[in-house]
Amino acid sequence: MRGVRFLGNRKCEVIDYPEESPGQNEVLIKLRSSGICGSDLHGYRSDPSEGRVTKMRPGHEPCGEVVELGPGVTAVDVGARIMQHHYLGCGKCRYCERGWTQLCPVTEKRLYYGGTAHGGHGEYMVVHENTCIPMPDEITFDEGAYLACGATTAFQALKRLNVSGRDVLAVFGAGPVGLAATMLGAEMGAQVIAVDISPERLNMAEQAGAWRTVDNSDGSAVQQIKDLTGGEGAEASLEAVGRHETRVATVEATRIFGRACLVGEGGTVTYEATPHIIHRHLDLLGSWTFSTFVLAEAAEFVVRRGIDLGSLITEQVDVEDVPTAYEEFDRGKPGKLVISFG
Ligand SMILES: [Zn+2]
Ligand SMILES: [Zn+2]
């Protein structure tokens, strides 16, 4: 079966992987769609000597159908359309019980599909039954893949921020997570200001329902957001870039008694305690992906509100064309890219 392998230094290839069969409490998934997520670029770009290039097949936004059950499986049936929650834990601790398996403290039981276990960038994958989240019929496989990391990461961060129609919401970064935050945040009632440095990405943010867009190429986002909000700043802000400068701007663009949430990973940031946090009475939040239950909840929200998540998917590539798709995504191609399997 064909699948992708990362080589590091911005190279990947498509190879033949051996067939896999499900063990105890595992199922075999036939992939129908596998999203390419911003965090995949960390491994894709890294030097192999840094040890961050996964030996496993990448892809942590798997979506497909259950085609074979291993012994003891009761949670899911053959034929089920599922989104895969790409983490596994011990299944017994307080975090696992609440569906937050990525927080499981039993490190030897922890798996990260697409990192420490084979992921979705291949025709089939074997997963634990408890990682399969049934998908509503209204959700397409490509949308399910988007929900399996990027879009639900945005949804969970919006929940952390308690976003509502009373808010102006500033979203820094109009990549896949920021675009979903824009679309879902607007649907929750917020007036969204989308911030990016790419006109094409800002154009997509506008299509996603942004109230205003702000081009931050000259670093003036904070001033522009203040100008749009009577000098006060946004009630809520979300950072989906992961850079020091945008993390500082996210806080500075948030008004007194506002909330700011960091989502983009990696690197560092330095805040000045008094002006940035204390005198701002700021709620500074962090949000890392989502639980199994929130994945189901995000899909339900998308269906109930008739949200066209699919309109943010700009490219569906064949598995053989994945190396080119990664090159494009790495260069900042706007929108969501997914690998589509027949
Ligand atoms: Zn656990
Ligand atoms: Zn991701």
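Applying the criterion of at least 1 residues that are open to solvent by 50 Å² or more (accessible area, probe 1.4 Å) to the strands (runs of 3 or more DSSP E) found wholly in segment 168-229 leaves 191-196, 212-215. Restricting attention to segment 272-285, the residues being surrounded by 15 or more Cβ atoms within 10 Å (Cβ to Cβ) and either of a type in the set (Ser, Thr, Tyr) or without any contact (Cβ under 8 Å) to a residue 40 or more places away in the chain (or both) number 6. Filtering segment 1-39 to residues that are within 16 Å of ligand 2 (Cβ to nearest atom), of a type in the set (S, T, N, Q) and either open to solvent by 10 Å² or more (accessible area, probe 1.4 Å) or modelled with pLDDT under 95 (or both) leaves only Ser39. Go through segment 40-52 and give me each residue that's away from ligand 2 (no atom under 12 Å from the Cβ) and open to solvent by less than 20 Å² (accessible area, probe 1.4 Å). Result: Tyr44, Ser46. As a summary of the residue check, Asn130 satisfies the conditions (1) away from ligand 1 (no atom under 13 Å from the Cβ); (2) within 14 Å of Ala296 (Cβ to Cβ) except for the one numbered (1). In segment 109-134, how many residues are open to solvent by 60 Å² or more (accessible area, probe 1.4 Å) and part of a loop (DSSP other than H, G, I, E, B)? Residues that pass the stated criteria total 3.
The values are calculated or read from the model by the stated rules, or taken from the named source; none is laboratory data. Here the structure is a predicted model, which is why all the values come from computation and not from measurement. Heads up, the Cβs are rebuilt from the backbone with ideal geometry, glycines too, and the neighbour counts pull from every protein chain shown. These area figures cover heavy atoms from the full protein model, side chains too; ligands, DNA and RNA do not enter into them. Shrake-Rupley method; radii C 1.70, N 1.55, O 1.52, S 1.80 Å.
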